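Worksheet for the structure shown next.
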Amino acid sequence: MPMTCASTPTVVRRTRVSEKTGLVRPDVTEADAALIARDCYGVDATATELGSNQDRNFVLVEPDGARSVLRIDNPVFGDEARDAQHAALDAYRAAGVVVPAVLPGLDGALTQRWRGFAVRRSEFAEGEALVDAGYLAPVVLAEFGTLAAASVTALAALEHPGLDRPQMWDMRVAAEQVRRLAPSISDAALRTAVVMAAEEATAALDPVCGRLPVQPIHGDLTDDNVTGRRGDDSRLHPHAVLDLGDLGLGWRVAELAVCVASMLHHEPERPLRTLETVTAFHADVPLSGDEALALWPLVVLRSALLVASGWRQLEIDGDNDYARERVAAEQAIFDAATSVPLVEATEIVRDAVGFGAAVPALPAHPAPELSMLLPDIDGRVVVVDPGVESDELGAGRWQASDAEAQLIDDAHARGARVAVMPYGVYRLTRTVVDSADAAATWPTETELHVAPGPSVRLLAPISGDLRTSDEAVLLSVDEHWEIELRGAHLEPTRTGGVDAGENIGRLAASFENRVITVGVRRKDAPSQPSDPASARRVAPERVAAWRRLTADPAPLLGLRSQAQHDEAGDELRRRERIFAEAQERYYERPPQIERGWRHHLVDTTGRSHIDMVNNVAGLGHGHPAVADAAARQLRRLATNSRFLFRDLAEYSERLLALMPEGSGLDTVLLVNSGSEAVDLGIRLAQAASGRRTVVALREAYHGWTMASDAVTTSAYDNPDALSTRPDWVHVADVPNRFRGTYRGEDTADRYLADLAADLDRLAAEGRDPAAFLSESVLGNAGGVVLPDGYLRGAYALIRDRGGLCIADEVQVGFGRMGTTFWGFEQSGVVPDIVTIAKPMGNGFPIGGVITSKRIADALSDQGHFFSSGGGSALSCRVGLAVLDAMVQDDLQRNAREVGSRLAEALRGLAQRHPLVGPVHGVGLYLGVELVRDRQTFEPAAAEAAAICERMRELGVIVLTTSERSNVLKIKPPLCLTAESADHAVAMLDRVLSEGW
């Protein structure tokens, strides 16, 4: 016989927090839940249990598919707490925070009774679970911070007696709870780590905890208690707030700390990504200085409590599968929270929200000369530049294992007695390529490399208290700061109090270079591994803290500070102030790139990225032969093609020699860019044919000049492209075998039949074509190869009607195809006019048109042709250097071999990831088409953009193309190595596996 539901209160014992060591869930089954739904709510439904640590939750599904959630509270919670939750739900709704409503029972009460348990039924919050979402993008992390801010804002004015209740998840008692629950952790090493972390965090909180604002907070605003919805960008975004079981009074900043902690397991190896959450919260609810100090200690305490509580829950409720599954994630949160030393994490937080360092800065001291430290040094002091923009590290010199030693040797060879490797300069010499993680490039100390010679006295640069440790001399400056001198040849002679200028040791005589490492550190700075001959370093994401935990020794050494910080944000704001809105830019948060070498791009923090898109740099970035050729020519002559000089004919002959034998293409006209080349090619065709109409393919991009833009039909580049073409342009259907009107391999004849019909209509209108213009491979579509026989047939149709055929080789030519030098050779045709540009100058602006003398001479009827930069002495010399390097570096072969390897690996991804559709292209012009459905080919444009953002985080530069922006374009420098190609594919595999 069913139990009677009642809304009248029953007495429930309220357990003190100090007595609570874990809560066993109510003994309620799915069958019981279905019975409760019928008896208390008049609902016939099936019940399926949802996970919970201390309560029971079930999703109810009615015959018509309607869903709701049934919650059976643990008896430890009283009615006042439940009523407070209901009031909080009202406050949330009034503030615009999405929450599910509590549904009344048959008698109208929100809380029902069943066998002594308190029962509630709520709306089902539509959405996806965020807790298992894997990687979360920066924008999503920020949205959690915004949601946490909205939560504390909505609840700030809430008053209810049920809020003031003792409970174990109140962060004000978290340390006590960790101590009480830790014995349940059977792993001794983990137990020790949890207790030690909690004690350290508590000690950090003690000075400020009495000043932290207290108010009502959700208390458990985590990825497990927020449902997500897919946005237009395909990402899962936080939407509705669930489960107010931990609602109560607490520190306001604890709301943020709990939220931040729950973000950590989404990428535990990168805990500092959660600064996105912190800064978003701070933007809406500014943290006080005390709250900024307390935040990371609270994150650590929360993570410790999660681990201890999880183990205790299993101890008392071993059948709780939910708790068992969460233990691993909770430990991942703890490991991430404690992977960054507490003082360092706190300084990073304070920097992110605009507060100064937690301790006073090093007091200012008069700037002495270096001789104050090393009085016996007689000679030059040279500050060496190991940075990203160093002129001494060109031509890949920075990749040598002894690059720093070479810099030092060079300085000594120039007469330096001391070569200084400065503090705070991002070292290109420490950059690591083909890595998902940024290397430790920022030194926290200064290195003094003293040339071989006799012993040198060591004097105290300032007054302080001296002590020694191994090969280090430590000079305590005040209660916060100390100076460390370290070196294999360093021999301290005394300890105790010293005045500035007193002798404290010596640098021993040596026939080799001697190194003194000088560090100015806060005494609370975390310890770092040390090398007597090298400065300690940190990764770029940690620099914000170490600029506070250390100081530049330069003022103590009489040197000018060289210290750097990441200026990418400042540079972006500067650009946005002066650039037109129409100018394109890459990425939501672009890195500042100031160095390139081969197929690597290096940002100003020394972070290396694999360049998978810069087809302009066909040889690779920073090619020394091209740089040397340009420099020599600039020193010798800078003039234009009207003058007689050797290289113009030499370069033109070399270009013609690259054309197929017997092609009849014997004349070259040089310009500055691909747009100009296409523009000139159109003009030549119109002049030679005496006609105006140009047939161009849909979805193509050819340039930005008036004429090249007129034949650009890509809706991505111009949404109104098809409706705004001038009357002399006819747009023909694009023969895209994957997305065109006709799909499949044997589609050439159908596309050609349509083209023939177009040409017949044009003839009937008296508009026979002057030219047919097409990329030899559909580059703008992502490297889509034309159907076999299409280009041959199209050229025949055009020529039968007296028109000329123009091949746009700006992107696909110059060896990129691997198996052929030109794209048109893939189709076995020879065009009448070939337009070329991008890789011709390897970054220097060179473009050109190759045609027959007959066609070129037709231009003479329209006056003289001239381009100031096209065919100049400089551009010809650079062009020749590029052609020489292509042969010497064997780049066409590399494009064939590495391109084939890369394409095969990319196609392999399609077997594991449904989002990956066809892989287009040949050689090193490839495109990975991303689709939501392989049958309908629905484009995954938003996913493609999100994937590019995530790939950049992992050190791979890849971008989207095609009208639908759903193709990852892959057109790297032709020097791309197999190792870098493999790494790029591995990163794409990782991104597709983890979400974005």
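The values are calculated or read from the model by the stated rules, or taken from the named source; none is laboratory data. Note that the structure is a prediction, hence the values are computed from the model and not measured. Cβ: placed from backbone, ideal geometry, glycine included. Neighbour counts: every protein chain shown.
Odds and ends about this structure:
- If you filter region 358-392 down to residues that are within 18 Å of Leu458 (Cα to Cα) and acidic (Asp, Glu), you find that the one that is surrounded by the fewest Cβ atoms within 10 Å (Cβ to Cβ) is Asp378.
- On inspection, Pro386 qualifies as under 21 Å from Gly558 (Cβ atoms), at pLDDT 95 or above and not β-branched (Val, Ile, Thr).
- Against the numbered list (1) closer than 28 Å to Thr274 by Cβ; (2) surrounded by 18 or more Cβ atoms within 10 Å (Cβ to Cβ), Val119 comes up short only at (1).
- Single unsatisfied condition, Asp378 versus (1) more than 29 Å from Val477 (Cβ to Cβ); (2) of a type in the set (Asp, Glu); (3) not in a helix (DSSP H, G or I): (1)
- Strands (runs of 3 or more DSSP E) (entirely within region 920-996) containing at least 3 residues that are among the hydrophobic types (A, V, I, L, M, F, W, C) and closer than 26 Å to Gly596 by Cβ: 967-970
- Meets criteria (of a type in the set (A, V, I, L, M, F, W, C), touching a residue at least 12 places away in the same chain (Cβ under 8 Å) and surrounded by 24 or more Cβ atoms within 10 Å (Cβ to Cβ)) for Phe814: yes
- Within region 369-394, residues that are assigned by TED's automatic domain parsing to the domain that holds Val518 and without any contact (Cβ under 8 Å) to a residue 60 or more places away in the chain reach partners that are assigned to a helix (DSSP H, G or I) and of a type in the set (Ser, Thr, Tyr) with beta carbons closer than 6 Å, at six or more positions or on different chains, in the pairs Pro386/Thr429.
- Only residues that are in a loop (DSSP other than H, G, I, E, B) and at pLDDT 95 or above were counted in region 763-782, giving 8.
- Residue match in region 145-153 (condition: in contact with a Cys (Cβ under 6 Å, 6 or more places away or on another chain) and in a helix (DSSP H, G or I)): yes
- Residues that are of a type outside the set (A, V, I, L, M), assigned to a helix (DSSP H, G or I) and under 27 Å from Arg816 (Cα atoms), drawn from region 854-884: Ser875, Cys876, Arg877, Gly879, Asp884
- Test: residue in region 490-511 that is more than 26 Å from Leu407 (Cα to Cα) and either hydroxyl-bearing (Ser, Thr, Tyr) or under 45 Å from the mean Cα position of the chain (by Cα) (or both): yes
- Scanning region 154-182 for residues that are part of a loop (DSSP other than H, G, I, E, B) and either of a type outside the set (S, T, N, Q) or more than 29 Å from Leu70 (Cα to Cα) (or both) yields a total of 11.
- Residues that are in a helix (DSSP H, G or I), surrounded by fewer than 22 Cβ atoms within 10 Å (Cβ to Cβ) and in contact with a helix residue (DSSP H, G or I) (Cβ under 9 Å, 6 or more places away or on another chain) are absent from region 497-516 altogether.
- Out of Ala142, Ala133, Ala125, sole residue that is more than 15 Å from His218 (Cβ to Cβ), part of a loop (DSSP other than H, G, I, E, B) and either in contact with a strand residue (DSSP E or B) (Cβ under 6 Å, 6 or more places away or on another chain) or modelled with pLDDT of 95 or more (or both): Ala133
- Boolean, Ala156 is surrounded by fewer than 17 Cβ atoms within 10 Å (Cβ to Cβ), within 17 Å of Leu256 (Cα to Cα) and at pLDDT 95 or above: yes
- Test result for Glu588, within 30 Å of Val958 (Cβ to Cβ), touching a residue at least 60 places away in the same chain (Cβ under 8 Å), assigned by TED's automatic domain parsing to the domain that holds Ala451 and within 21 Å of the chain's Cα centre (by Cα): no
Condition check ((1) under 41 Å from the mean Cα position of the chain (by Cα); (2) under 20 Å from Leu242 (Cα atoms); (3) assigned by TED's automatic domain parsing to the domain that holds Leu155; (4) not in a helix (DSSP H, G or I)) across all residues:
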position	(1), (2), (3), (4)
Thr48	yes, yes, no, yes
Ala81	no, yes, no, no
Ala88	yes, yes, no, no
Asp107	no, no, no, yes
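- Residues satisfying the stated conditions in region 859-885, i.e. at pLDDT below 95 and more than 16 Å from Val678 (Cα to Cα): Ser860, Asp861, Gln862, Gly863, His864, Ser868, Gly869, Gly871
- Scan of region 365-375 for residues that are part of a loop (DSSP other than H, G, I, E, B), in contact with a Pro (Cβ under 8 Å, 6 or more places away or on another chain) and of a type in the set (A, V, I, L, M, F, W, C), ordered by number: Ala367, Leu373
- The one condition from (1) part of a helix (DSSP H, G or I); (2) surrounded by fewer than 21 Cβ atoms within 10 Å (Cβ to Cβ) that His913 does not meet is (1).
- Lone unmet requirement of (1) hydroxyl-bearing (Ser, Thr, Tyr); (2) surrounded by 23 or more Cβ atoms within 10 Å (Cβ to Cβ); (3) in a strand (DSSP E or B) for Thr468: (2)
Every residue, every condition in (1) assigned by TED's automatic domain parsing to the domain that holds Val260; (2) free of Cβ contacts under 8 Å to residues at least 24 places away in the same chain, yes or no:
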site	(1), (2)
Tyr41	no, no
Gly96	no, no
Val102	no, yes
Thr111	no, no
Ala142	yes, no
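- Here Gly927 passes the criteria (1) more than 22 Å from Gly813 (Cβ to Cβ); (2) touching a His at 6+ places or on another chain (Cβ under 6 Å); (3) not hydrophobic (A, V, I, L, M, F, W, C) except the one numbered (1).
- The residue pairs whose first member lies in region 694-713 and is under 20 Å from Ala794 (Cα atoms), whose second member is of a type in the set (Asp, Glu), and whose beta carbons are closer than 7 Å, counting only pairs six or more residues apart or on different chains, are Arg698/Asp733; Glu699/Glu963; Ala700/Glu775; Tyr701/Asp717; His702/Asp808; Thr713/Glu699.
- Hits in region 398-417 - residues which are surrounded by 13 or more Cβ atoms within 10 Å (Cβ to Cβ), more than 32 Å from the chain's Cα centre (by Cα) and not hydrophobic (A, V, I, L, M, F, W, C): Gln406, Asp409, Asp410, His412, Arg417
- Residue satisfying condition, being part of a loop (DSSP other than H, G, I, E, B) and surrounded by 17 or more Cβ atoms within 10 Å (Cβ to Cβ), within set Ala439, Ala395: Ala439
- Among the residues making up region 783-814, a single one is among the charged types (D, E, K, R), within 19 Å of Tyr742 (Cβ to Cβ) and part of a loop (DSSP other than H, G, I, E, B): Asp788.
- Cross-chain or 6+ apart pairs with Cβ under 9 Å, region 865-881 first and on the phi > 0 side of the Ramachandran plot, then aromatic (Phe, Trp, Tyr): Gly871/Tyr651
- Answer from Glu541, Glu576, Glu594 - the residue that is more than 30 Å from Trp481 (Cβ to Cβ) and either assigned to a helix (DSSP H, G or I) or at pLDDT below 90 (or both): Glu576
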